[in-house]
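Student: Pasting in a structure now, in structure tokens, and then I'll have a few things to ask.
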Amino acid sequence: PNKSAISKIFKSWAFHVLTDIYGDVPYGEALQGEAALNPKYESSQVIYADLLKTLQEQVNILDESQSSYGSGDNIYGGDVIKWKKFANSLIVRIALRMVDKDPQAARTAIEAAVSSGVFQGNEDNALYHYLANAPNNNPINESYKSRTGDFSVSKTLVDYMKEINDPRLAVYASPAEESGEYVGYVYGSSTVINADQISLPGTRI
């Protein structure tokens, strides 16, 4: 039951992001493969309401005394209590999206979620922890240095910040590995160069 509930929470998170960004999206008929090749679009209002219902149901199902995904869970390591906090926090965020349309439903959902337990600090954040090897490695990192133009810091920015001795340069960019200097890449250039010769974004960006 915990695995099923966590999966549905994760799915709700995905649809929450989708409807936040795009508004009306396929929902009730989505993800059915050939059974629904042209799923109907539904409004954010309808989707938010159903997401609240789904998340509240999963919170009630989650049971910390039962097994979960364990180490196969790259977000919370199978910690059911943290998944419950995450679901409740999603409820609060979704309810805030609908508060102008349905203030009473939003208020009821928020109060119930807060009472059940929501995030208390950064230690509760839902962060995907990438691993060194596939399939759980960071796909962007795989091509980070082979796609210099996509990820390097621009020459325009680096040159200007060096000119005015801007102390933020060390935060925005990393020194080029080859020279140890801050070297920007010409914005829009189609020239392929070794990534060791230019500055990549700083580690705090």
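The values are calculated or read from the model by the stated rules, or taken from the named source; none is laboratory data. Values in this document were obtained by computation on a predicted structure and should not be read as measured data. Every residue, glycine as well, gets a Cβ built from its backbone with ideal geometry; the counts of neighbours run over all protein chains shown. To get the accessible areas, we keep the full protein, side chains included, count just its heavy atoms, and leave off ligands, DNA and RNA. Shrake-Rupley method; radii C 1.70, N 1.55, O 1.52, S 1.80 Å.
Student: With respect to I6, determine if the residue is under 18 Å from the mean Cα position of the chain (by Cα), surrounded by fewer than 13 Cβ atoms within 10 Å (Cβ to Cβ) and not polar (S, T, N, Q).
Tutor: Against the criterion (under 18 Å from the mean Cα position of the chain (by Cα), surrounded by fewer than 13 Cβ atoms within 10 Å (Cβ to Cβ) and not polar (S, T, N, Q)), I6 does not qualify.
Student: Could you check V17 against (1) part of a loop (DSSP other than H, G, I, E, B); (2) β-branched (V, I, T); (3) within 25 Å of H129 (Cβ to Cβ) and say which number it fails?
Tutor: Only one criterion is unmet by V17, namely (1).
Residue-by-condition table, conditions (1) more than 19 Å from the chain's Cα centre (by Cα); (2) modelled with pLDDT under 95; (3) surrounded by fewer than 17 Cβ atoms within 10 Å (Cβ to Cβ):
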{"site": "D63", "(1), (2), (3)": "yes, no, yes"}
{"site": "Q66", "(1), (2), (3)": "yes, yes, yes"}
{"site": "G70", "(1), (2), (3)": "yes, yes, yes"}
{"site": "G77", "(1), (2), (3)": "no, yes, yes"}
{"site": "L96", "(1), (2), (3)": "no, no, yes"}
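Student: While we're looking at this one, here's another question. Contact list please: Cβ distance under 6 Å, first residue in the range 108-131 and at positive phi, second residue open to solvent by less than 100 Å² (accessible area, probe 1.4 Å) and not charged (D, E, K, R), pairs at least six apart or on different chains.
Tutor: Note: pairs meeting the criteria are G117/N88.
Student: Considering only residues of the range 22-53 that are under 20 Å from the mean Cα position of the chain (by Cα) and of a type in the set (V, I, T), which is farthest from K101 (Cα to Cα)?
Tutor: In this case the residue turns out to be V25.
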